[in-house]
Each structure stands twice: as C-alpha cells, then as structure tokens.
Amino acid sequence: MELFCTRQTEKMNTIDKLLTPLVFLTFVILYAYYLFYYPFAFNYLLNENGQYFAAFVALCCWFVSMLLFVFSKKKPGVRQSLSMLLVNVFILCLLFCRYYSFANEYFTNITVVILLCTLLMWTGIRVAHFLLIVLGIMFFWQLCLAFEQMGGFALNIQKLNIQGTLQNSGVFSFYLVAQLPFLYYLFFSMTGLFPGMKQPIMPKRLVQLLKGIKCIVFAVVVGFVVFIVWQSQSRTALLALIVLLLYFFILHYGKTIKAVILKLPKVLILTAAGVLLAALGYMAWNLFNLKKLSALGRLMALDTATDHLTDHFWLGTGIGRFTWYYPQWQAQYFAMHSAPSRDYFLSAGESYILFNEYVQLFHTIGLPGFIIVALLLTGFFAAKSIRHADLLNAAKLTATGILVCGLSSYPLHVNCMLMLLALCFAIAAVVNETRYAWFKMPGQLSNAPARLLPAILIIPAAIVACRAFGLWQAKQELDTLRNQLNASRTGLNGEYIRLMEPFKYNGKFLTEYGIFLSEDSADCVKASIILEEAKKYFISRITIETLAEAYRKSGNQKKAIENYEWLCHYLPNKFGTKVELLKLFHETKDTLNARAIAHTILTMPVKIPSTEVDKLKAEAETILNHLP
C-alpha cells in the first residue's frame, strides 16, 4: 500500500509524534472557528475579514512543520516534496501578488484548506478517527442548537429560523446531510480510536444491546435531520439526501440489487425505469416551484455568467476574483437588455456568486484548471481500499453529498464544507491501495535535495506566518476602531491612515474608509479617490453608492450619475437607486433622462409591496410633475 506516511503499526519517529497532534489541533481550531464564527469563505459585508485569523493559525502550523523537517532526521519523500512546492506557490502569491494577497478572502481560505489537506496527508490516518469524533461532537452541538431554535418540544418553527451557527437555513440543512456518512461510520464501522484496532471482547448480549441503542440513536438523528431539511424547504439538501441514500445502497448492496434486477423481466424493468424517470421529473418540477423566485434568480445568474464563458476561457478569472467580475456582468446584462423578462427583473439581487459551483469553477480556473479538478475527482472516486473500505466509503459518500449540493448551491464557499472535503481527499489519498501503472514515481528524493528543500521553504513559511500575524493584529485594531464612537474625527482619521499600509489591497477596508471620509463634505474628494481604489479589489452596492454620493457632494455630477446608472443596472428592481438618479438628472436639468427614469419608476413591477416603495413612487411623481 502506498501511503504518504508510516502506518499506525509502525514505530513513529520524532517528526510524526510532533506533527500529528499539531495538525489535529490546528484542524480542530480552524474547523470550530469556521463552523461557529466564520462560516462563509467569501463575504460582502465590510466587517467580515475572518480570513486573517484562519491564515495565521494555518501558516503557523505550516512553519512549525517545515521546522520539524529541517531539524529531524526524516527526509521528505517525492510526494511530500511536490505538495510542499504546491503550497509554497500559494504562499508566494499571498506575499507578492496584489490581487491574491491576504485581502483576497476566498483565495486565502482556499490556501488554508489546501495547506491543511496537505498536512493531513502527511500525518496519515492516525489522526482521522480523532477528527471524526470531534466533528461528530460539533454535529450534535449544532443539532442541540437547532432544537433550541425551534423552541424545543414546543416546535415553535418559523420560516428559515433553523440555522444553527451557519446564518442560513439552507446551508445548515446541507451541512447536516453531509455529516451523516461519517456519523454512520462512527456508529457502526469504527472499531477503535485507531483504524484497524480490534474491539474489546464483550458479552454477546451487551454487544447486541449497544448495537440496538446505536441504531435507535442514529435513526432519531436521521429523522431529526430530515425534519429540519423538510421544514427549511431546502431543495439542495433534499436532493443531496436522496443521492446519498441511493449511493449508500449501491455501495453496500449493489451486487445484491444488480442480481435481483437481472432476474426480473425486461418489460418490468423498463416500466419501472419509466415510472422512476417520471417521478424524478415530477419531483424536479415541484422542487423548482417550491421557491420559484429564488430558482429564477439562480437561472438568471447562470444565464448572465454563460454570456461571459469565453471571456476567461483558458486562464479563468482567478481564485477569488469571480466575485469582482460578476456584479459587473449582471449590470452589463440589464444595461444591454432594456426590456428583460419580468421574472429576471424581479429576481435580480446583490449577487456575487453563482448557485452552481461547477459553472463558477470553470469561470474561475479556466478549461485547463477545470480538467485538472475533474482528473482529481476521478482519482478520488477510483480509490480503493480493502483494509479501510468503510472509512473510504464514508469519505466518498461525504464528498458526494457536498458535490451534489454544488449543483444548486455554494458549498465550496462554506468554510466547514471545504474543510470536510479536504479531510475526505486526504483520507482517500492515504488509504488508496490502487497502483497506477502509467503513473510511477520514486518514493524518496536523494539526500541533498531532500535536506535542502525544507531549509529553503522554511524562509517564505516564516515570512508569511509573520505577515499573517501582523495582519491579524491590524484586523483586531480595525475592529476596535469601529467601536470608538466618542473619538474625535481627526483621531479616527489618523488611525485609518495608519491602517492603510497593511490593508492597502483590501477593498472592504478601503470602502469603509471611504464611507468615513464621505461623512464630511470637506473630505469627499479624497473619499472618491479611496473608493475608486477600492473598486479595483471589491465591488458592492455600498461601495458604488458611497462613491456616487462622494462625487455628488464634491460637485462632480457627471461621475455621480455614471455610478448611479451602473447601480441601477446592477440592481434593476430597487426603487431607491432610481430615485437618486432621478434627483441627479433633475439637479443637472437633464429633462429627457429625468422624464424617462421617472416613467420607469412609476411603471416598473414591485418585488415586495411596502409603504417605502409607495413613498418613493410618490416622490418620483412629484419630480415628474415639476419637470418643464
């Protein structure tokens, strides 16, 4: 068996003894941080910059790992050396690339996940069971929290209120579903803390009693998860649950099912297949109409992105840069389609990601990168193991659940899902017993390169860990700065200027600073300069809106109109932005455009009727009546 590190039965050397608990502790800290405090790998909210702490923890672990290789007698193998170089590519990007620095939230989180996956491969499966137990504990913690959110046995369930700590009922639902395969493994397949460990000898009655208790507990948990999925009306989680059940039965009873089917008459098989297809079509239609406007919004986003499929066909937009491009594509779509369909018009929102990870992945990494990912997935599902078959099957089922969710949601933008996927890939890479004749690689490097590589890579590892610590400290200072409500404006401005150096590529910080400056008319020119810089890294409604107001206050009406027009195209169903644009046309005495936008406001469909919308319409009508 080809493993990345020594088996559990072999004597562990010094580096293994130190690296295993280090990786375990780092994974647990980051998984808990992601699950309870920082769930999403990309956030458009300005105060969300949790990637700095995650990067600091992961990169410190990486630095210590390099240190262990330098001072231990163990030499890295070829696979370890290649994975070191891969991680180092991401580290160098964090250090030297403007658009792929720590300020690129998604890129930083992906770097953390790849780094942890690499370290998990190095530690082997010794740590796997301990991690699965910890993940199981956190899973039950989330279930208890969900039970509390629904009012306990009172079942005081309101729409979308069952979220755990993941801030979204749909995301929480598919998190619960994705955890079920590993939970099944813990209950029914794990024989001890270490893979291959024999169970203690117990009386037969006690064994049967424990098995019965585990079956009851697991059935209750699955029932509770199904209840939560049903109440949350999560189509993605429901689809993942159905696929997982089918895949589970294929893995465990595939041969029996195949033998039974082959004995049936062909007419009966064809009839059953037709009924099944009809049932699937009926279910798909009902799932689509369950939240029709949400489904139409996802179709609109896919349609918009498809129009730009060839823009970055070969190299992609780059990891973490899709969220910068997509708002511009959506604005361009509605600018080019002056009379879009009513459904698309009403479903357009402040979107940054697609609800289809595969289309977005293609846009992000281009055709060559997409092919590489497809090959990695093929290798993952082709992995085989006799000794650890149950653990590998659990990893495949978990990954399947996550990947199915990617068809209609964004699990690859949920941090705990990314870490769970990294754990699955690490398990498959370590326990895989398949030998590929076409892919042969020497096990060890020669002595000189094996000693030299960690010694060289420890330098960027040390630098990037220090950089991550400095940025994390700066982020904490920024959090403190937000709460200084009674401080003088001059003092606050000085603090923002001081933080400009560490956050000069962080579009969220630049937007926040621009908002602060725009509050004073004397600083609006500087605010517009800062916000224009912010647009290079981060585009959001608040960024463009504040920029337009800064131009307006500084007397640059042309630029203000330009930004408000963009905002009206990006969010076409928002009345507020159109009214502000109307006011600007009125102020500049552009009667023709003012009359056109006023008629649009008065005739456009209303997504959600409210008194606020009525007031905005009345204001537009008043301005229209006063136009010459």
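With (1) at pLDDT 95 or above; (2) assigned to a helix (DSSP H, G or I); (3) not hydrophobic (A, V, I, L, M, F, W, C) as the list, and GLY379 as the residue in question, which single condition is left unmet?
If we test GLY379 against (1) at pLDDT 95 or above; (2) assigned to a helix (DSSP H, G or I); (3) not hydrophobic (A, V, I, L, M, F, W, C), just (1) comes out false.
For the stretch 21-57, which residues satisfy the criterion of being farther than 12 Å from MET419 by Cβ and assigned to a loop (DSSP other than H, G, I, E, B)?
Just the residues of the stretch 21-57 that are farther than 12 Å from MET419 by Cβ, to begin with: 21-25, 36-37, 40, 42-53, 55-57.
Correct list: TYR37, PHE42, ASN43, TYR44, LEU45, LEU46, ASN47, GLU48, ASN49, GLY50.
Can you tell me which of (1) assigned to a helix (DSSP H, G or I); (2) within 29 Å of ILE544 (Cβ to Cβ) is the one ILE353 doesn't meet?
(1)
Residue-by-condition table, conditions (1) in contact with a helix residue (DSSP H, G or I) (Cβ under 9 Å, 6 or more places away or on another chain); (2) not β-branched (Val, Ile, Thr):
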{"position": "GLN208", "(1), (2)": "no, yes"}
{"position": "ILE213", "(1), (2)": "no, no"}
{"position": "LEU251", "(1), (2)": "yes, yes"}
{"position": "VAL260", "(1), (2)": "no, no"}
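Among the numbered criteria (1) under 21 Å from PHE42 (Cα atoms); (2) not in a helix (DSSP H, G or I), which single criterion is violated by THR323?
Failed condition: (2).
For TRP314, indicate whether it is among the aromatic types (Phe, Trp, Tyr) and open to solvent by 20 Å² or more (accessible area, probe 1.4 Å). First the steps, then the outcome.
Values: among the aromatic types (Phe, Trp, Tyr): yes; open to solvent by 20 Å² or more (accessible area, probe 1.4 Å): yes.
Here the answer is yes, as TRP314 does meet what is asked.
Find all pairs meeting these conditions: Cβ atoms under 7 angstrom apart; at least six residues apart or on different chains; first residue within the stretch 203-222 and more than 18 Å from LEU176 (Cα to Cα); second residue open to solvent by less than 70 Å² (accessible area, probe 1.4 Å) and not charged (D, E, K, R).
Every condition considered, the pairs that remain are LYS214/PHE187; LYS214/PHE188.
Residues being open to solvent by less than 20 Å² (accessible area, probe 1.4 Å), of a type in the set (Gly, Ala, Ser) and over 22 Å from the mean Cα position of the chain (by Cα): count how many of those fall in the stretch 349-391.
Here the count works out to 2.
Exactly one of (1) assigned to a helix (DSSP H, G or I); (2) modelled with pLDDT of 95 or more; (3) of a type in the set (Phe, Trp, Tyr) is unmet by PHE69. Its number?
(2)
Buried (at least 21 other Cβ atoms within 10 Å of the Cβ) and either polar (S, T, N, Q) or in a loop (DSSP other than H, G, I, E, B) (or both) - does that describe any residue in the stretch 471-483?
no
In the stretch 484-523, how many residues are hydroxyl-bearing (Ser, Thr, Tyr) and either surrounded by 14 or more Cβ atoms within 10 Å (Cβ to Cβ) or in contact with a Phe, Trp or Tyr (Cβ under 9 Å, 6 or more places away or on another chain) (or both)?
Residues meeting the conditions: 5.
Identify, from the list ALA426, ALA399, ALA394, the residue that is within 30 Å of SER169 (Cα to Cα), crowded, with 18+ Cβ neighbours inside 10 Å and under 16 Å from the mean Cα position of the chain (by Cα). Break it down stepwise before answering.
Values: ALA426 fails: under 16 Å from the mean Cα position of the chain (by Cα); ALA394 fails: under 16 Å from the mean Cα position of the chain (by Cα).
Only one candidate qualifies: ALA399.
Within the stretch 57-80, take every residue that is in contact (Cβ under 8 Å) with a residue 60 or more places away in the chain and in contact with a Lys or Arg (Cβ under 9 Å, 6 or more places away or on another chain) and give me the one that is nearest to PRO411 (Cα to Cα).
LEU59
Quickly run through the stretch 322-372 and pick out the residues that are in contact with a His (Cβ under 7 Å, 6 or more places away or on another chain) and free of Cβ contacts under 8 Å to residues at least 40 places away in the same chain.
So in the stretch 322-372, the residues in contact with a His (Cβ under 7 Å, 6 or more places away or on another chain) come out as 322, 329, 331, 334-335, 353, 363, 366.
Listed by number, the list holds a single entry, TRP329.
Let me spell it out: the conditions are (1) touching a Cys at 6+ places or on another chain (Cβ under 6 Å); (2) open to solvent by less than 10 Å² (accessible area, probe 1.4 Å); (3) outside any helix (DSSP H, G or I), and TYR100 meets all of them except one. Which number is the exception?
(2)
Between THR165, THR108, which is of a type in the set (Ser, Thr, Tyr) and crowded, with 22+ Cβ neighbours inside 10 Å? Step through it out loud before you land on a result.
Working: THR165 fails: crowded, with 22+ Cβ neighbours inside 10 Å.
Selected residue: THR108, the only one of THR165, THR108 that is of a type in the set (Ser, Thr, Tyr) and crowded, with 22+ Cβ neighbours inside 10 Å.
For residues that are open to solvent by 50 Å² or more (accessible area, probe 1.4 Å), within 29 Å of the chain's Cα centre (by Cα) and either over 17 Å from TRP230 (Cβ atoms) or modelled with pLDDT under 65 (or both), tally how many sit in the stretch 142-157.
2
The values are calculated or read from the model by the stated rules, or taken from the named source; none is laboratory data. Every value quoted in this text rests on a predicted model; they were computed, and no experiment measured them. Cβ atoms come from the backbone with ideal geometry, glycine included; neighbour counts cover every protein chain shown. For the accessible areas, the whole protein counts, side chains as well, though only heavy atoms, and no ligand, DNA or RNA atoms are used. Shrake-Rupley method; radii C 1.70, N 1.55, O 1.52, S 1.80 Å.
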